[in-house]
Structure formats: structure tokens, C-alpha cells
Amino acid sequence: MPSYREIRYEVAEHIATITFDRPEQRNALSPVMLDDLAAAVRDAQGEETTRVLVITGAGRAFCAGGDVKSMAAVAGGPIPASREQVGQIQEVQLQLRRFSKPVIAAVNGAAYGAGLDLACAADFRLAADTARFCEVYVRLGLAPGGGGAWLLPRIVGLTNALDLILSGEPIDAATALRIGLVSRVVAADALAAATREFARRFVLSAPRGVQVAKRALYRGLDMSLEAALDFVRPQISALRQTEDHQEGLRALRERRLPQFEGR
């Protein structure tokens, strides 16, 4: 396991948790943090025992977006490749989009700019009642470069996405729930427990079945029904040959919970 500098990475009960760990800076995304995040996502993808990934923040914020000091240092001029945060954020977005296991963002506080974009890259978002969400880019003379302009309309609809992005105004957790940006809102001190309970539902599912189903769902968004059926048919045939499928049938006959091993 590599040594991380600005995140924490833990695995317990098949659930990997990445925690942004710059609480004094409201977990703003520095180049170091983005490097750490990319490495941790790769680790979670490669670990066969990991079945769910949770992303959250330390302290009172989820992620305040890009680091303002880093942004000010390169404003108005060419950006050295080593400090080009938009490219780093986009790479992480693509990693999360391709991640084969369920991803949950536990939004414990402010999710602003690129922080909100990263939360949108998750499959599910759970929020503390103290959380706030803001596509702040236009208030800084910028536009979403971290995936928000593509992700938000697919989550909350075009009109709500336009409102959030073009106004740059924050919304609270209750509004985020109403427009479908988050699935659940819980008390701040209950978020960690609620997230683990939510994640355990996926831990009980057959890992390879979950991966095929997730891939089929996302790819199907850009396919015709005929193409989607053609895409999934050979994968279902492969799943029928797995030990987990046999275990699922046995558990059904024996009226017990299946014990899946990912084989």
C-alpha cells in the first residue's frame, strides 16, 4: 500500500474509503491531493476484496474545489504541465467513470466547484444536513472543466444544471435532495454510519454481477436498446459459468443469504 500525503485510504469489510485530508484548507484540491486521489482510486479498482468505494472529507467540508493559492499562482499566464489541475481532475473523473464497482460520495460539508464535480462522478451521493453544493466557477470567471457540465444534466436535468452552473449560487442539502442531486440526507453526525449501511447493501451482491450490471447501465445510456442487448448477452453467458451464480442458486434453494467470493 503506498503512502498518501493529503488523503487517507482505508479498507474494512470490503469497503474502501478515501478521505480528503486537508481540513484546514476545507479539503481544497492541490496537485498533491489529486495525485494521491488518482493512486487511491487505482488501488481500490485493483483490490479484488474491495467491493465498494466511498469518498468523503475530513473536518467540516467535503471538498472546496481547486486550491485558490495554486489557481492564483497560474492565473493570467501559461500553466506548467506539473501544475495543470484541470487535466489532473479530468483524469480522476475518467477513472471514476470507468470504476467497475459502486462509488458513493458521502458529502459531509461544502462541495464546491471541482469538489461538486467529483461528487457527481460517484454513482450515489449521500449528504449531511449541513452540506452545501455550488458550481462556483462563473463567480471566478471560469466554467466547469472537471466534468460538471457533462455530469450535472444527467443527474438533475438540463434546467436545474443550467441554473446551478450559470448562477454559481449554492444550494443546501434539502434542495439537493429535491432536485435529485443526492439520494439521502441525514444528520451530520449520522452520515458515516448511514453511508456504511448503504454500502453494505452492495457488499452482499455478487461482485462480478454488479460489475457487469453497472457497465451495462452506463453504456446503455448512449446505445439503442438493440445495441444494449447485444452488448450484455455474452456477458450474461459468462456470468452463468461463475461459482457465484451457482452459489446464488444454492442459497435461493436453501433459503439463506448467499456467500459470494467474486469467482
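The values are calculated or read from the model by the stated rules, or taken from the named source; none is laboratory data. Computed from a predicted structure; not experimentally measured. Cβ atoms come from the backbone with ideal geometry, glycine included; neighbour counts cover every protein chain shown. For accessibility, only protein heavy atoms count, side chains too; no ligands or nucleic acids. Shrake-Rupley method; radii C 1.70, N 1.55, O 1.52, S 1.80 Å.
I'd like the full set of residues that are open to solvent by 100 Å² or more (accessible area, probe 1.4 Å) and touching a residue at least 12 places away in the same chain (Cβ under 8 Å), limited to segment 195-222. Once the filter is applied, which keeps residues that are open to solvent by 100 Å² or more (accessible area, probe 1.4 Å) and touching a residue at least 12 places away in the same chain (Cβ under 8 Å), segment 195-222 yields Arg200, Leu204, Arg208, Arg219, Leu221.
Among the residues making up segment 7-51, those that are without any contact (Cβ under 8 Å) to a residue 40 or more places away in the chain and surrounded by 20 or more Cβ atoms within 10 Å (Cβ to Cβ) are Ile7, Tyr9, Ala16, Thr17, Ile18, Thr19, Arg22, Met33, Asp36, Ala40. Here Leu164 passes the criteria (1) at pLDDT 95 or above; (2) of a type outside the set (S, T, N, Q); (3) open to solvent by 30 Å² or more (accessible area, probe 1.4 Å) except the one numbered (3). Looking only at residues of segment 128-147 that are part of a helix (DSSP H, G or I) and not charged (D, E, K, R), we find that the one that is most open to solvent (accessible area, probe 1.4 Å) is Leu140. Count of segment 29-48 residues, restricted to those that are more than 22 Å from Ala111 (Cα to Cα) and not hydrophobic (A, V, I, L, M, F, W, C), is 6.
Arg250 passes every criterion in (1) within 22 Å of Val52 (Cβ to Cβ); (2) without any contact (Cβ under 8 Å) to a residue 12 or more places away in the chain; (3) not β-branched (Val, Ile, Thr) apart from (1). Do we find a residue being open to solvent by 40 Å² or more (accessible area, probe 1.4 Å), aromatic (Phe, Trp, Tyr), assigned to a strand (DSSP E or B) and at pLDDT 95 or above anywhere in segment 96-112? Within segment 96-112, one or more residues are open to solvent by 40 Å² or more (accessible area, probe 1.4 Å), aromatic (Phe, Trp, Tyr), assigned to a strand (DSSP E or B) and at pLDDT 95 or above. A search for C-beta distances below 8 Å between a residue of segment 223-242 that is in contact (Cβ under 8 Å) with a residue 12 or more places away in the chain and any residue that is charged (D, E, K, R) and open to solvent by 60 Å² or more (accessible area, probe 1.4 Å), counting only pairs 6+ apart in sequence or on different chains, returns Ala228/Arg219; Phe231/Arg219; Gln235/Arg215; Leu239/Arg208; Thr242/Arg208; Thr242/Arg263.
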